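What follows draws every value from the coordinates through simple rules; no lab data is involved. Remember, it's a predicted structure, so these values are computed and weren't measured experimentally. Note that each Cβ is placed from the backbone with ideal geometry, even for glycine, and that neighbours are counted across all protein chains shown.
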Amino acid sequence: MTGAPEGGQPGPDRAGQVRGYVADVRAALTDLSPDVVDELLDGLEADLLEQSAESTAPLRDVLGPPALLAAELRESAGMPVPSAPGAGGWIGPLGVVAGRVAREGAGVWWVVRGLSLGAVAAYFVQSDFREPLQWAHWVEDLLLPVLVALVVVILSVVVGRRGWLDSVQPRTARWGLRSIEVLTVLVLAPAAAAGLLRGVLLPPDLVVLVNGAEPVAVPAVAPAPRPMQLGDEGVWFLGEPVVNLFAYGPDGSPLEGVRLVDDRGRLIQLGPGGFIADRPDMPGARVFYHPGPDPALPFGVFPLSEILVPASGGLAPGEVPTPAPLPRESVVPLSGAGAP
Amino acid sequence: MERSQLLKGVLDLAVLAVLRRGDGYGYDVVRRLRLAGLEGVGEASVYGTLRRLYSSGLLSSYVVASDEGPHRKYYGLTPAGRSAMVDQAATWGAFARTLDGLVNGADTSLPEQATARATEVVEAGA
């Protein structure tokens, strides 16, 4: 190993000037990827400091214009020469700005490319991409795909910053990879994103309950129940919405197929057609209330039958409503009921 | 004849030859090339050449930190670099001998002269 510095130790002013000079050289290389520029300039400051220490002339007289040094450096290093000058002359600042825009545009492209590839990867990572999105499976359907997409975005940026694709040989292979990139961003990614966000962007899937000859459509993702308000359809009792009604005959035994009419002769309904509500005796459970398996029954025949809504929010096709459990097996018979 | 143009074609070999004698950083290589007689070598050309040879796998590099200033980046020959230097030296040697013979030897490129000489040889043999 050789090379003790000659020309004595440069002063702090000179060191600062050289640092500024290297920054100007860097500015003239903005069209190259940051990693390539870092590699080109690594160790340059020490070389220029030693080189300039051999003269007391102004730094730029010793080293020449930074843009010229940058051009010689990039040419001898085998780097592409920009079509527009990076610095120097009236177009210099424009060239620097153009280079910077191109570089930052490249950064945006790396992220877009990563998001696109990530969306495609995430689509296949989901637990079962043929089924409707189920929020109950948020780890498999949401967290895992997001993590996978994030990793792919990071990989894409790393590949872009290191210029790995630019160094692929032969040129036909490089163009092949570029074509796959563009195809992914323009075609595959939107399709994958639509698949990932099914149930969010697309109309909610409908599950058809086969109710005899009359199908009933129910949102796969059930709306969250809310307390009934004035103006809502239904019946209120002691400030709470009534979700089912049970009628008992004079002998105290439950009746089925009961219809109730108000003082104006209107058939009482508790909700708009079939509806979903919390069942009072089962905290956290949601129930789809339904008049019953008979398609001839209007919504207003009590007691309503019910289907327990699973936590995933969807109802399996073809589920048949079952009679709601009686809140009371019987009530006290009216006096004289059943008497001969 | 422009020496810088000549130097451009053999700078890789010159840099490899310098580093064969010991590792060095950018300006150190410049100084050693100049001491060897290549006064016109440009600093930036050498710095860029070092980085290109490093990217090609012909050089290795390492950083030596300094308490008093920026770190130095040293370069050394890899086995591939030594092999490349031997190959390029052989190519250069053959090229130099050819050119030397062309410049200093007999000129046989003119068809008329070659024909005349061949005629003399035939007549002498007969």
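Tabulated results
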{"quantity": "J(HN,Hα) series, the stretch A:34-49, from Karplus relation 6.51 cos²θ - 1.76 cosθ + 1.60, nearest Hz, glycine and proline x", "calculated": "x, 5, 5, 5, 4, 5, 5, 8, 5, x, 5, 4, 5, 5, 5, 5"}
{"quantity": "Burial ranking of peptide ranges A:143-155, B:56-68 (average Cβ count within 10 Å, highest at the top)", "calculated": "A:143-155, B:56-68"}
{"quantity": "Cα gyration tensor category, rounded, prolate or oblate, for the stretch B:1-86 with a/c compared to 1.5", "calculated": "oblate"}
{"quantity": "Amide H within-cut-off set for A:VAL258, under 5 Å, with H built and near neighbours excluded", "calculated": "A:PHE302"}
